[in-house]
Structures are given as structure tokens and as C-alpha cells.
1. Of the listed pairs LYS89/LYS110; LYS52/LYS96; LYS52/LYS110; LYS89/LYS139; LYS52/LYS107, which have alpha-carbon separations greater than 18 Å here?
2. Using only the Cα atoms, what convex hull volume per residue in Å³ does segment 21-144 have?
Amino acid sequence: MKIFGKALCLAFVIAVLLNFTGFTAGCEQIPSQVLRLHVLANSDTQEDQSLKLKVRDRILQESAGMLDDVHNRNEAEKAVRQRLPLLKKAAQNEIKKLGYDYPVEAKLAKTYFTTRTYGDVTLPAGEYDALEITIGSGKGHNWWCVIFPQLCLPAAQDKKQLEDVLNPTELKIVRDGGGYQIKFKTVEYYEQLKQWLEQR
């Protein structure tokens, strides 16, 4: 009876691991298909956090239409790269207009994100390419969204949708975030372990 119990436990563990393995594989493809916007505030003071949101609004305004004719993430990255100087200038102008003199950095960067929810979409943890706007020291709480496909408001107006970019399995993962909380946490631990091993 003991052997049967152990075999049953082992079968259960293997089934759970196989289930997580399929889920993790689905999650791993998502970062390669989306491009994020990441705005980092100078600090956590109320003034700097308010400034961050003003800069975010200006970046969204300046990037309106930038990705209208884009069909995939690589094209989105190329379009953003071409507009980097203009986006940086827009952020600088907004900061100066509001009476601050913080430097600004605008770049495309690979950034690790924990599991994040935006509206009805939950993106799994992982390394994502992002348009990164850093205000001053960039030590404050940040703001993020997805600019391809365009989920940032007001940019998301009948443009490329998640359905056009993700396959049905990936779409189910990001749309049913609430049902996958434990699995998302597992993916997060997996991604953190992967990052730790890569740094060794």
C-alpha cells in the first residue's frame, strides 16, 4: 500500500509539472511579440510622480499614429527606434514646461517585469523589450503599458489588437489572468531563477 501511495503522489507531481511546463512554454513566447512603454520617475515624491504621469501623457500623445501601419513587434521596434530623438525631445519639453530641469533618457531596453495586470490583460513575468523613458535618476515608481499591440490609452483606438499578435493559447493566458494566479507565480519564480543563473 505504501508503494501505491508513493506512486500516486509521484504521478500527481509529474502531472502538475507537465501542466506547468506547457503553461510556462506558452508564457515564454509572449515577451517576443509585444513591446512595452516604461516611464521611470525621478523619485517617489508626489511632485515627481505627478511629473511622471504628465510625461507619460505627452509620450502617448507624441506616439499617436506611430505604429498604425505596423504588423509585428520587429516593425514596431524599428518605428520606435526611428522616433527616439523626437520622443526624448517631447519628454524634455514637457519637463521644462512644468518647471523642472531633470535630464531625460529615451531608449529601447530589455527589461525584466514581474507579472503585471493592465485592464483585463495579465502579462507573465519575463524579459520584455520596452521603450524606456527615464526621468532624472529614474529611482521612483514607474508606469508601464503595452504600445504594441496598442493597449495604452489613448493610443488603443482600433489598431493592432492582441488577437492579431498572440496565438489562441497565448491569448487565453493573458486574458484569463485571474484564473492563472498560481501558475503566473510559478512562471515568475522560473524567470527569476533563469535570470539568476544567467548572471552566474
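1. Working: LYS89/LYS110 22 Å; LYS52/LYS96 13 Å; LYS52/LYS110 20 Å; LYS89/LYS139 21 Å; LYS52/LYS107 16 Å.
As for pairs spanning more than 18 Å Cα to Cα, those are LYS89/LYS110; LYS52/LYS110; LYS89/LYS139.
2. Values: hull volume 13.5 nm³, N = 124.
For segment 21-144, the hull spanned by Cα atoms encloses 109 Å³ per residue.
Throughout, read-outs are computed from the coordinates displayed, never taken from laboratory work. As the structure is a prediction and not an experimental result, all values here were calculated from the model.
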